[in-house]
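Would you mind keeping the following structure in view while I ask a few things?
Every number in this text was worked out from the coordinates using simple rules, so none of it is lab data. Keep in mind that what you see is a predicted model, and the values were worked out from it rather than measured. All Cβ positions, glycine included, derive from the backbone under ideal geometry; neighbour counts span all protein chains shown.
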Amino acid sequence: MTTISGWVAPGFQAVRDAFEANFESGSEVGAAFAAYHQGEKVVDLWGGIADQTTGRPWEEDSLVLVYSTTKGVTAMCANRLAQQGLLDIEAPVATYWPEFAYAGKEAVTVADLLAHRAGLAWIDGTMSVEEMLEWDPVITALERQAPSWPPGTAHGYHATTYGWLVGEVVRRITGMSVGSYLRSEIAGPLDADFFIGLPPSEEPRVARLVTFMEGLGSGRRPGTPPPGDPGIGPDLAGLAELAPSYLAEDGPLFKALMAPGGALADEEIWHSPRLHAAEIPAANGICDARSLARLYGGCVSEVRTGPGPGFRILAPEQVQRAVQPQTVGPDAVLLGLDIQWGLGFIVNRGLIAAAGLGGPRAFGHFGMGGSAGWADPDTELGMGYVMNRMEIGTTGDARSFRLMQACLDAVHG
């Protein structure tokens, strides 16, 4: 039996039960879950194995790569700049990044970038891993790239390019990379270990990901609920019929996932310390659940991490603006799913709303394999879930949804 460490506040025992159930069903190798309610930590749990190749246990300070859950944290950076009056969300991107206007992109707005409406979900041509890790070659390629659809007319998931697009706007305004800005202005004040660009000194803390094929050892088909689970989470039935056309080498999802220029085609690159140390603000955030929950808690309340005043990332007015839906209809890249966007965050509409994750203003982001950061402004609840056993899916799965629902139930009493 897996040893579960950590604690829950009174009234949150059902969250611990759900966390233990994920392990007992064979759904986890190593994982952590945390939550902050009205600025106070109420859940902090971890357990399992951080590295199956060595048997290293998942510790209190273990970190793991969270793929697209990074995008929500990058969105926090942009929204905080907007709150401070340094970024006009409705302005053309070229206002801050003049070179971006090339190839018919002069009218693309910052809101288009945040809401995946820019038509820049991939980059034509090829690019080496070394070029990708350097940042500037990707920026130059995006400047030259023509949109794949008229900007603003559709939304399609910018799986990797989102981070360079939004990150370059942050850099042009602040003079700092998005990872440096995050550390200085958001994660630092919250004492949150969320890194976009991992310091080499932190690499020994990083858990090793368990790939989809390795995860088949439980005998349970990836993406299915554990036995006895009611199946909370998005209903992804029928996607198998759509996947071949989207994931063909000339299909939109394949090109978006492999951008820029096929540099991310090798799955092993995600285990690499050099990728961890680079800044890919759409996909290579590395954190623990506690820090992820603290960041989302800091979007909806003032979070206290010690004596003295707390810190809040986004004011209520900016949260309200950030969760206003910016899109409608099916996603042109992500298998035609009804995933809807605010200003960089997935909002509680369409497919996600069917899972019942909080009130109508709830928001957050999921990462490939299962990680999740989510907040509900109406209950002042922020949650973070991280794991190393990858499931198939990009919109959460039964593990995270069970935990978040148990947390929401505890808050509602």
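Can you give the charge dipole size of segment 94-149 about its Cα centre, rounded to the nearest 20 debye, using +1 on the beta carbon of Lys and Arg and -1 on the beta carbon of Asp and Glu? Walk me through the intermediate numbers first.
Working: 3 positive and 9 negative charges, 63 e Å.
Dipole of segment 94-149, to the nearest 20 debye: 300 debye.
I want the antiparallel fraction of DSSP beta bridges within segment 4-412, as a percent rounded to 5. Write out the running numbers ahead of the final one.
Values: 40 of 42 bridges.
So the antiparallel bridges amount to about 95 percent of the total.
Among Ser180, Pro98, Gly342, whose Cα lies farthest out toward the positive end of the dipole of segment 4-412, if unit charges sit on the beta carbon of Lys, Arg (+1) and Asp, Glu (-1)?
Gly342
Between the helical axis of 161-174 and the dominant principal axis of the chain, each derived from Cα atoms, what acute angle in degrees is found, rounded to the nearest 10?
Once rounded, one gets 80 degrees.
Towards the positive end of the charge dipole of segment 4-412, with charges on Cβ (+1 Lys, Arg; -1 Asp, Glu), say which of Ala154, Trp374, Val42 has the farthest Cα.
Val42
How far is helix 69-83 tilted, in degrees, relative to the longest principal axis of the Cα atoms in the chain, given as a value from 0 to 90 rounded to the nearest 10?
Long axis of 69-83 versus the principal axis of the chain: about 60 degrees.
Taking the Cα centre of segment 4-412 as origin and charging only Cβ (+1 Lys, Arg; -1 Asp, Glu), how large is the dipole, in debye to the nearest 20?
For segment 4-412, the charge dipole is close to 540 debye.
Please rank Arg399, Arg321, fewest neighbouring Cβ atoms within 10 Å first, as an exposure proxy. Can you show the working numbers first?
On the way: Arg399 29, Arg321 16.
Least to most surrounded, the residues fall as Arg321, Arg399.
Follow-up question, since we're still on this one. Taking N as the number of residues in the chain, what value does Rg over Cα atoms divided by 2.2 N^0.38 Å take?
Details: Rg = 19.6 Å, N = 413, 2.2 N^0.38 = 21.7 Å.
Scaled against compact globular proteins, the figure is 0.90.
Within segment 101-131, report the GluC sites (Glu not before Pro) that DSSP leaves as loop and that have at most 14 other Cβ atoms within 10 Å.
Values: sites: Glu106, Glu130, Glu131; in loops: Glu106.
Answer by residue number: Glu106.
At a 10 angstrom cut-off on C-beta neighbours, averaged per residue, how do the peptides 322-331, 349-358, 73-82 rank from highest to lowest? Numbers along the way, then the final one.
Details: 322-331: 17.4, 349-358: 19.8, 73-82: 25.1.
Those peptides, ordered most packed to least, come out 73-82, 349-358, 322-331.
For the chain, calculate the relative contact order in percent as a whole number, restricting contacts to Cα pairs under 8 Å that are 6 or more residues apart.
Values: 945 pairs, mean separation 107.2, N = 413.
Relative contact order, the chain: 26 percent.
I would also like to ask the following. If you place +1 on the Cβ of every Lys and Arg and -1 on the Cβ of every Asp and Glu, how big does the dipole about the Cα centre of segment 257-362 come out, in debye to the nearest 20?
Numbers: 8 positive and 9 negative charges, 109 e Å.
It comes to approximately 520 debye.
Output the Cα-based Rg and Dmax of segment 54-177 in Å, rounding Rg to one decimal and Dmax to a whole number.
15.9, 53
Would you work out which of His271, Leu292, Leu314 lies farthest towards the positive end of the dipole of the chain? Charges go on Cβ: Lys and Arg +1, Asp and Glu -1.
Sorting the options by dipole projection puts first Leu314.
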